[in-house]
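The values are calculated or read from the model by the stated rules, or taken from the named source; none is laboratory data. Just so we're clear, the structure is a prediction, and the values are computed from it rather than from any experiment. Because the Cβ atoms are built from the backbone with ideal geometry, glycine has one as well, and the counts that use them run over all protein chains shown. All accessible areas refer to the heavy atoms of the entire protein, side chains included, with ligands and DNA or RNA removed. Shrake-Rupley method; radii C 1.70, N 1.55, O 1.52, S 1.80 Å.
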Amino acid sequence: MDLDRQFDLQARACERLGSPLYAALLRAMIGDIRDGGPCATVLTGYEQAELAAAVPLRLLAAVHALALSGAAPELAAYYPSAGGRAEPGSEPLAWKAFRDIVATRAEWIRNWLTRPPQTNEVGRAVPLLAGLLAAVDTTPLPIRLLELGSSAGLNLRADHFRWLAGDLAWGPEGSPVTVPDAWQGPVPDWLAGAVHRHPRVTVVERRGCDPTPLDPARDALALRAYVWPDQVERFARLDGALRVAAQVPAEVIRIGAADFLAGIEPIPGVLTVVWHSVMRQYVPAPEWAAVTAELDRLAATTGADAGFAHIAFEPQDTSDDRNGFRLTARLGQRPPVVLARAKPHGVPAFVFPGDEPEQTAG
């Protein structure tokens, strides 16, 4: 897909998801690329990159990292994440500062562009935790939590996060990560029941995989750079998750998802949960076929004393998120079902007409 189309899709996504600053910058970048400006120069070689490469997000994150690190003070003045203000009408000034940084720091930016995107979106813990509670409600055993595409493994600590929806809350009080208004509309009955039956869960192992894992302490700048600068609530969740990560150990190893699962066997007395969020689009089709085969193997081994669940929060179509991304769960040997949906960054979650999550738990 050509860059014009990719940047336009990303601009529309940012507009829908509440980032008018990035929507404006992306549209300005389209014109700059067409005119052969600095953005076209730094993107030389990426003209026919696949949509899954997320080139617009890579470029935005590269420049955001400069603003966060103090290397782009003129641009930082328009980025709330860096202490600035994104006021309506300031977009042309922000674009001028953005374009100037791309022109003057082209080599540094091109080096950043070689990295795959690493969002590690903490809000996605809300739908993932809903799936986890459905699994525990079906198989009430201690949990071995395994994550595919873990990035820095922040969501491997999701049981230490807290979410609220009206009078309903789950997770430890005083958590550094607290998500208000986590659900849009009423919380489904199956989840409300699971919250009351399982106010806490026991996680005995936290392990994930990623082709290019990040370290929460060493790579905090990269993690912050992929958060959109005018969405301060996402920054607050990320900063809280980094504090949790400093206290709660988790292991993320450098390996592909299929090879990671190939080394997993069921453990008596433990519920093995494999989960992932918005990562499938980055996995080549042949590898995902191998992942599916491993998940089938694990599901087939489910027994009375060794549980298994596969929980996924993934888009149906990466170019259209109007109906949210789907939360699906495969509990033991049951077929996968849709539990709920959520906005791409994980909150709010909601039940979409036609989905029937009530059939999944119990």
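Remarks
- Pairs linking a residue in the range 24-40 that is under 13 Å from F98 (Cα atoms) to a residue that is open to solvent by less than 20 Å² (accessible area, probe 1.4 Å) and small (G, A, S), with Cβ atoms under 7 Å and 6 or more positions apart or on different chains, are L25/A94; L26/A11; R27/A11.
- Any hit, the range 279-296, residues being more than 19 Å from G149 (Cα to Cα) and open to solvent by 50 Å² or more (accessible area, probe 1.4 Å): no
Conditions tested, residue by residue: (1) acidic (D, E); (2) within 23 Å of E314 (Cα to Cα); (3) crowded, with 20+ Cβ neighbours inside 10 Å; (4) at pLDDT 95 or above.
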position: P127; (1), (2), (3), (4): no, yes, yes, yes
position: L132; (1), (2), (3), (4): no, yes, yes, yes
position: R144; (1), (2), (3), (4): no, yes, yes, yes
position: L148; (1), (2), (3), (4): no, yes, yes, yes
position: E173; (1), (2), (3), (4): yes, no, no, yes
position: P180; (1), (2), (3), (4): no, yes, no, yes
position: H198; (1), (2), (3), (4): no, no, no, yes
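- If the condition is being assigned to a loop (DSSP other than H, G, I, E, B) and touching a residue at least 40 places away in the same chain (Cβ under 8 Å), then the range 157-170 contributes only F161.
- Members of the range 301-322 found to be modelled with pLDDT of 95 or more and surrounded by fewer than 19 Cβ atoms within 10 Å (Cβ to Cβ), listed by number: E314
- Going through (1) of a type outside the set (F, W, Y); (2) open to solvent by 40 Å² or more (accessible area, probe 1.4 Å); (3) assigned to a helix (DSSP H, G or I) one by one, E265 falls short only on (3).
- Close pairs from the range 225-248: first farther than 25 Å from A71 by Cβ and free of Cβ contacts under 8 Å to residues at least 60 places away in the same chain, partner surrounded by fewer than 22 Cβ atoms within 10 Å (Cβ to Cβ) and of a type outside the set (D, E, K, R), Cβ under 6 Å, at least 6 apart: none
- The condition of being closer than 24 Å to A54 by Cβ and surrounded by 15 or more Cβ atoms within 10 Å (Cβ to Cβ) does not hold for A340.
- Unique match (being closer than 26 Å to V278 by Cβ, within 18 Å of the chain's Cα centre (by Cα) and at pLDDT below 95) among A61, A54, A49: A54
- In the range 1-59, the residues that are open to solvent by 10 Å² or more (accessible area, probe 1.4 Å), under 17 Å from D317 (Cα atoms) and in contact with a Lys or Arg (Cβ under 9 Å, 6 or more places away or on another chain): D8, R16, L17, L51
- Sole exception among (1) more than 30 Å from W190 (Cβ to Cβ); (2) in a helix (DSSP H, G or I) for L132, by number: (1)
- Matching entry among G18, G70 (being free of Cβ contacts under 8 Å to residues at least 40 places away in the same chain and in a loop (DSSP other than H, G, I, E, B)): G70
- Restricting G256, G269, G263 to residues that are of a type outside the set (A, V, I, L, M), modelled with pLDDT under 95 and farther than 21 Å from A65 by Cβ narrows the list to G263.
- Where a residue in the range 309-326 is among the basic types (K, R) and its partner, wherever it lies, is open to solvent by 10 Å² or more (accessible area, probe 1.4 Å) and modelled with pLDDT under 90, with Cβ under 7 Å and at least six apart: R326/Q316
- Answer residue from the range 268-292, given it is more than 19 Å from the chain's Cα centre (by Cα) and in a loop (DSSP other than H, G, I, E, B) and is nearest to V126 (Cα to Cα) among those: G269
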